[in-house]
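Just below is one structure, and these are the notes that go with it.
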Amino acid sequence: MPEDFIPVKRSQISLFKSFALFYFSKENEPLLYKKEGEQLKASRIKEEQFPDLFIRTADRENASIALYKTMNAHLSETIFSKGLVSTRQALSTLVQEALEGPLNISSKMLPETLEVLFQGYNKNKTLMKSLAKLSSSSDQLVEHTVNILSLTMQFCMFHHYTETKAKTLGVSAIQHDIGCTQLPPEMNNTKAQLSDSQFKAFQTHAVKGYRIITDSNCFKPEIAMVALQHHEKLDGSGYPKGSVDISEEAQLIGLITSYEPLTYRGTSRHEDPQKPFDSLQILKNEVIAGKYSKHMFVNFCSCLTR
């Protein structure tokens, strides 16, 4: 495939009405499949009766903006009219785009996504808590990220964080594991028993994520620090650097990152998900051992009990 074209996900074909779509002949020549402004028939989209399609690389930025706008509008619609399952799936689609799409577009459009979640929370105070309890068909990295986002926003809203601070933490939650997109998929399986060499390779995702975000020059420095530090511990036992000087944002996301797999998905150590109380007891022991802030742990517990 020539560098002048990039593939379009089959699940997103209907969102590219304003852009020309192309396919490739057997001779690997790009051929026009759909003109700008045309819409494929709904029946064809439903049955996926079309070849692998591509947009021009030159259209990527505008197409990504249009895609985000459409997905944000769809998220808003599902929150207010289509129920939690559809909302969870719409949010998963947005998170996947944020992890895989252009970072300069994500930095502009994710605050709008979080604004939609604020509006949904104002209508339904249990929205974020309920979303975190649902599973979806997304891959594990997306599923994990949506859970972290839901729990983070639940914490922020319960403790009445300013909208600016909550949005920064929300974007941090979405981007905290972006370094994992550069790892083999099997390393993102929370129930997989990784060898020592595999786990060492997995640990590099924190530095990879930090570099991806800082190199993009699109996000606040504290968002990059969350990617770097969310596996650090206050007693120096974490990674990648064994640092004890950890930003407040990274401490919060790190605490939630430890809680989430225990409660919602299970881990290699805890095959089945734990009850929330049991998960908090496990974390409480780590707080006592000096790995997490006692004050932050107490505040996190309080937002889960309402």
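Values in this text are rule-based calculations from the coordinates and carry no lab data. Quantities reported herein were computed from a predicted structural model and do not represent experimental measurements. Positions of Cβ are backbone-derived with ideal geometry, glycine not excepted, and every protein chain shown enters the neighbour counts.
Farthest towards the positive end of the charge dipole of the range 187-260, among the residues 202, 240, 219, is the Cα of 202, using unit charges on the Cβ of Lys, Arg, Asp and Glu.
Calculate, in nm to one decimal, what residue 207 and residue 195 gain on full extension: separation in residues at 0.36 nm each, minus their alpha carbon distance.
On the way: separation 12, 0.36 × 12 = 4.32 nm, distance 2.00 nm.
Contour length minus Cα-Cα distance gives 2.3 nm.
How high is the FRET efficiency from residue 124 to residue 295, r the C-beta distance, R0 25 Å, rounded to 0.05? With R0 = 25 Å, the Cβ-Cβ based efficiency is 0.30. Note on residue 26: lysines with a C-alpha under 23 Å away, same-chain residues under 8 apart excluded, are 9, 34, 35.
Comparing mean-square fluctuations of 102, 221, 51 from a GNM of the chain with C-alpha springs under 10 Å, the top value falls on 51.
Along the Cα-to-C-beta direction of residue 133, a point sits 7 Å from the Cα; which residues of the range 78-102 have their amide N less than 13 Å from that point? From the range 78-102, the list is 84-85.
Quote the relative contact order of the chain in percent (integer), defining contacts as alpha-carbon pairs under 8 Å separated by 6+ residues. That works out to 12 percent.
Local charge sum around residue 117 (other residues, Cβ-Cβ under 13 Å, Lys/Arg +1, Asp/Glu -1)? Kindly include the intermediate steps, with their values, before the conclusion.
Working: positive: 88, 123, 125, 129, 167; negative: 112, 115, 163.
Net charge around residue 117: +2.
Kindly identify the range 5-60 as rounded, prolate or oblate by the Cα gyration tensor criterion: order the square roots of the eigenvalues as a ≥ b ≥ c, call it rounded if a/c is under 1.5, otherwise compare a/b with b/c, prolate if a/b is larger, else oblate.
On the way: a/c = 1.74, a/b = 1.26, b/c = 1.38.
Note, shape of the range 5-60 comes out oblate.
Largest GNM mean-square fluctuation across 108, 233, 35, computed for the chain with C-alpha springs under 10 Å, falls on 35.
Rounded to two decimals, what is the ratio between the C-alpha radius of gyration of the chain and 2.2 N^0.38 Å?
Details: Rg = 20.3 Å, N = 306, 2.2 N^0.38 = 19.4 Å.
Compared with the compact-globule rule of thumb, the chain sits at 1.05.
Only one residue of 45, 20, 5 has its Cα farthest out toward the positive end of the dipole of the range 5-60, where Lys and Arg carry +1 and Asp and Glu -1 on Cβ, and that residue is 45. Compute the FRET efficiency between residue 61 and residue 181 as 1/(1 + (r/R0)^6), taking r as their Cβ-Cβ distance and R0 = 22 Å, and round to the nearest 0.05. Efficiency computed from Cβ-Cβ geometry: 0.70.
By how many degrees, between 0 and 90 and to the nearest 10, does the Cα long axis of helix 294-304 differ from the longest principal axis of the chain? Roughly 60 degrees, rounded to the nearest 10. Among 166, 42, 98, determine the one that fluctuates most according to a GNM of the chain built with springs between C-alpha atoms less than 10 Å apart. Of 166, 42, 98, the most mobile in the Gaussian network model is 42. Under a model in which nothing but the beta-carbon of Lys, Arg (+1) and Asp, Glu (-1) is charged, the range 77-229 shows a dipole of about 420 debye around its Cα centre. Taking 17 Å as the cut-off, the amide N atoms of the range 217-244 that come nearer than this to a point 7 Å along the Cα-to-beta-carbon line of residue 164 belong to 219-223. For the range 156-241, the number of Lys pairs with C-alpha atoms closer than 20 Å, counting only pairs eight or more positions apart or on separate chains, is 10.
Using the beta-carbon distance between residue 305 and residue 27 and R0 = 51 Å, what value does 1/(1 + (r/R0)^6) give for FRET efficiency, to the nearest 0.05? Working from the Cβ atoms, E equals 0.20.
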